[in-house]
Amino acid sequence: MTSRLTRRSMLALGAAALATPAIGQPRFPDRPVRLICPWPAGGSTDGQMRAFAEAAARHLGQPVVIENRPGASGTLGAIAMRQARPDGYTLTQFPITVFRFPFMQDNPAWDPLTDFTYVTHLTGYLFGITVRADSEIKTFQDLIAWAKANPGRLSYGTPGVGTTLHITMERLAQTAGVELLHVPFRGFADNSASLLGGNTMALADSSAWAPLVEAGRMRVLCIWTAERVARFPDVPTLRELGYDIVSTSPYGVGGPKGMDPEVVRTLDAAFLKALDDPQHLDVLKRFDMVKVALDHAAYTAEVKRLVEVEGAIVRRLGLKV
């Protein structure tokens, strides 16, 4: 008996071949994934990212290796994505400065709407202002009063120019009618060392300062969340102090543009599971960070909104780098 392949059956066979990986073709991932943390080791972002990477590795079946690349206000990861292969093996954290900096530069190094693939949104920060425990400044009102009496002399540190911490401090100064002296650092370690060493008078940073506050080495003057946090119930929010500002700088992870949709789905599924890993949730609780889980589609849509918001803020404040 002879068998014949009709045109229709040949097309069906071809489609099946395309849908099935070739024999010996590796499934993603078949080697470690590199995840860039564009902040120094030891801060809250580094701690969260390492716990997240360990949890994600369990769901991907391959190690997720954190690589710290601090500097440039958290944008070195984004810069690395402009040269990285879109194979899913090189990813980065995307802080909000990635969406803000193009509006602060005459010749932007990237377009946040077209140059990246946004995989999964993760969380946001607890931000606040601290001073040394022995400072004459006891409250946020004291800080503003001192700044008014000493124009341009109250120095404060942040993790960098154009970061949410820098911009929020400038918004506060503008609203209060005071002039502050901004001192940018590469990350929390340098920022806190400067404050404790008496080189700067105040620190604006994420809640890596919490252990130092609890140890009696720093005093926290205010926090920037919408409501007070259980860990510091006596510390007022900016809203309670008369400033209608909530600042948490939410962030996620992603990679270069042009990533294979199936690779994105694999990463996204693993990352969403990693967010709910008990050990990761413990780290979020330690840093008073709230889980803000958004999948690939929702995160991509959120980026479009953030780009519009950040562009408006930069134009209003007239910021440039």
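All of the numbers you see were taken from the coordinates with simple rules; none came from a lab. Computed from a predicted model, the values in this text were never measured in an experiment. Every residue, glycine among them, receives a Cβ derived from its backbone with ideal geometry; neighbour counts consider all protein chains shown.
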Legend entry - Candidates Thr75, Thr90, Thr175, ranked by Gaussian network fluctuation over the chain, Cα under 10 Å, top entry: Thr175
Inset, instruction - Specify which labelled value, from [x] 19.1; [y] 22.1; [z] 20.2, agrees with mean projected area of the Cα convex hull in nm² derived from the coordinates of the model shown. - result: [z]
Inset, instruction - Mind telling me which of Arg217, Arg132, Arg27 comes out most flexible in a GNM of the chain, alpha-carbon contacts under 10 Å? - result: Arg27
Inset, instruction - Lys and Arg at +1, Asp and Glu at -1: add these up for the other residues within a Cβ distance under 14 Å of Thr123 and post the number. - result: -2
Legend entry - region 20-90 pair-distance distribution - Cα-Cα, 10 Å bins, rounded %: 19, 43, 28, 8, 2
Inset, instruction - Determine which lysines satisfy two conditions relative to Lys291: a Cα distance under 25 Å, and not lying fewer than 8 residues away in the same chain. - result: Lys273, Lys304
Legend entry - Mean residue ellipticity (222 nm) of the chain, computed from DSSP H runs ≥ 4 via -39,500 (n - 2.57), nearest 500: -11500 deg cm²/dmol
Legend entry - FRET efficiency, 1/(1 + (r/R0)^6) with R0 41 Å, evaluated for Ala301 and Gln141 via beta carbons: 0.55
Inset, instruction - With a Förster radius of 35 Å, plug the Cβ-Cβ distance of Asp244 and Arg85 into 1/(1 + (r/R0)^6) and report the FRET value to the nearest 0.05. - result: 0.20
Inset, instruction - Excluding residues on the same chain fewer than 8 positions from Lys285, give the aspartates and glutamates whose Cα lies under 16 Å from its Cα. - result: Asp46, Glu214, Glu227, Asp276, Asp277
Legend entry - Charge tally in the Cβ shell below 10 Å around Pro70, where Lys, Arg are +1 and Asp, Glu are -1, Pro70 excluded: 0
Inset, instruction - For the chain, give the share of DSSP beta bridges that are antiparallel, in percent and rounded to the nearest 5; count only bridges with both residues there. - result: 55 percent
Inset, instruction - Name the residue, out of Ser194, Ser135, Ser207, whose mean-square fluctuation peaks in a Gaussian network model built on the chain with Cα pairs under 10 Å. - result: Ser135
